[in-house]
Amino acid sequence: MLDIFTYSFIIRGFEAGIIIAVIAPLIGIFLVLRRYSLIADTLSHVSLAGVAVGLLLKVSPLITAIIAAVVSSLAIERLRLSKKVYGESALSIFLSGSLALAIVIISFAHGFSVDLFNYLFGSIATVKQIDVYIIAVLGVVVIALVLAFYKELIYITFDEESARVSGIPTKFINIVLIILAALTVSLSIPIVGVLLIAALIVIPVVTALQFKRSFKETILTAELISIFSVISGIFASFYLNLSPGGTIVLIALLIFVIVLSYKR
Amino acid sequence: MQVTHSDTIIELQEVSFSYTNEEVIKNVSLQAHRGDYVGIVGPNGGGKSTLVKIMLGLLTPQKGKVLLFGKDINSFKERYKIGYVPQKTYVELNFPITVEEVVSMGTFGKRGLLRFTTKSDMEKVHKALSEVGMFSYRDRLISNLSAGQQQRVFIARALASEPEVIFLDEPTVGVDVKTQKQFYNLLRKLNKQLDLTLVLVSHELDVVAHEATELGYINRTLEYYGDPEEFLKGSYFHELIGKGGVHA
């Protein structure tokens, strides 16, 4: 047996990492195709504010991050639908607003700077057993909801107007999608960190799109790229003593560059 | 199947609609019956597409009433009875989706939430694809098809819900003349052989007037609604040409 598996924190990292590798492209494909991938960045910064609150109150930062992301995602959708601001302006407001909040909380309660660094860039050592349980349960919820609303999600992504005509509750499905995005982003924080989540959600999908295959095949390709990036990233970061979040994203990026130049 | 042309499929009662302050649709009333092939024509900005969006419930008029199959549109639930071919001159090239995947969307509304696509849904999808002559293209990506072929796929998607009426919004935009002709032949076949009610929005007055059984000319108000032959013969047509209102 490889010596990597004798460390329990590495095993926890693999468990959490693989679940996230599975759900990230599943949500990512809908966000990318709807030109809405920036929401992943916004929700990750919102999650950072949640993490800061959790560290301040000394409760699980993962739970406060999930709450912050889900609540904000609903607020963003509401602001976007109100048409008082443009969609991307709503994203900017939440991105910078929550970052500002996070910074203020951090400066207010100085002392958790090391922990915070882990949440910014991801650290497998941060993943506690309870986190693995939370990620596993909510990961299953995300997969179940995507499967349950799969056909509606495809329809509104491809042609929202026709979906409405055919009687699909488009507003409800949009809310489901944005909550799923919020869950996926906040669950990914311990592994890839706030600043790198968007990459995990977007890059495998964009890479898979280069192959120009059917919707199902594109999702499967994105899954393979994502899972491969996470597993090989954790291995590489362990043996080469690198940051796992950064390594995972760089591997995904490398695959993207190879595919792009090969497909040209 | 016995077609009862007296069944009212769509009814508008004194409908007015405005996006801002100015009314783009003013006091429009009309009825379309089962088996009708309704052509809606009129100048650009005259409200053709707006009118169809009102009929579909995509826009809610400020005044007046919309009835579908005799029921108020707000309480109309049997949406699978409606097929829709949207105005789409350009299909997103990066969208990774096959012809079969697109057409199967037509069955989603009828199937309902939390229900998976069944074998009988796929049979409907294949039947619809055969109907429009696109069955052999089912595994191709929609982005690799010509504009005319894409349009047939969208018709197949509308057919897959086994509708009683199909709305088409400017379906021939970006399609060459030969393909257009085949397209109108297909619509005629659907109307005659499958007894489908059709509502076709188009800027091609001359073509539509020869294809449709009812013609509506809309320029904010419904200036004409009835027999296309009468329209072409009558003074309406010449007056409109005189005013420069017709985009033939």
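The values are calculated or read from the model by the stated rules, or taken from the named source; none is laboratory data. Keep in mind that what you see is a predicted model, and the values were worked out from it rather than measured. Cβ sites come from the backbone with ideal geometry, for glycine too, and all protein chains shown count toward neighbours.
Assorted remarks:
- Restricting attention to region A:243-254, the residues that are hydrophobic (A, V, I, L, M, F, W, C), more than 17 Å from the chain's Cα centre (by Cα) and closer than 11 Å to A:Phe121 by Cβ total 0.
- Tally of residues being in a loop (DSSP other than H, G, I, E, B) and at negative phi across region B:148-186: 8
- A:Ile63 vs. criteria of a type in the set (A, V, I, L, M, F, W, C), part of a helix (DSSP H, G or I) and surrounded by fewer than 22 Cβ atoms within 10 Å (Cβ to Cβ): yes
- Answer residue from region B:18-47, given it is of a type in the set (Val, Ile, Thr) and within 21 Å of B:Glu204 (Cα to Cα) and is surrounded by the fewest Cβ atoms within 10 Å (Cβ to Cβ) among those: B:Val24
- Of all residues making up region B:69-87, the number that are surrounded by fewer than 21 Cβ atoms within 10 Å (Cβ to Cβ) and more than 8 Å from chain A (Cβ to nearest Cβ): 11
- Some residue of region A:220-233 being assigned to a helix (DSSP H, G or I), within 12 Å of chain B (Cβ to nearest Cβ) and more than 29 Å from B:Ala158 (Cα to Cα): yes
- Here A:Ala144 clears all of (1) under 16 Å from the mean Cα position of the chain (by Cα); (2) small (Gly, Ala, Ser); (3) surrounded by fewer than 16 Cβ atoms within 10 Å (Cβ to Cβ) except the condition numbered (1).
- Residue within region B:93-102 that is more than 9 Å from every other protein chain (Cβ to nearest Cβ), surrounded by 24 or more Cβ atoms within 10 Å (Cβ to Cβ) and under 14 Å from the mean Cα position of the chain (by Cα) present: no
- Checking every residue in region B:191-208 against the condition of being in a helix (DSSP H, G or I), touching a strand residue (DSSP E or B) at 6+ places or on another chain (Cβ under 6 Å) and of a type in the set (S, T, N, Q) gives at least one match.
- Qualifying residue in region A:75-83 (condition: within 13 Å of A:Ala182 (Cβ to Cβ) and either touching a strand residue (DSSP E or B) at 6+ places or on another chain (Cβ under 8 Å) or touching a residue at least 40 places away in the same chain (Cβ under 8 Å) (or both)): yes
- Note on region B:104-115: among residues that are within 8 Å of chain A (Cβ to nearest Cβ) and over 25 Å from the mean Cα position of the chain (by Cα), the one that is surrounded by the fewest Cβ atoms within 10 Å (Cβ to Cβ) is B:Leu114.
- Qualifying helices (runs of 4 or more DSSP H) (wholly inside region A:131-213; at least 3 residues being at the interface with chain B (Cβ under 8 Å from one of its Cβ atoms), at pLDDT below 95 and more than 28 Å from A:Gly245 (Cβ to Cβ)): A:150-165
- Residues that are within 30 Å of B:Val85 (Cα to Cα) and touching a Ser or Thr at 6+ places or on another chain (Cβ under 8 Å), drawn from region A:110-151: A:Lys151
- Conditions (1) of a type outside the set (Phe, Trp, Tyr); (2) away from every other protein chain (no Cβ under 14 Å); (3) surrounded by fewer than 17 Cβ atoms within 10 Å (Cβ to Cβ); (4) in a helix (DSSP H, G or I): number failed by A:Leu242: (4)
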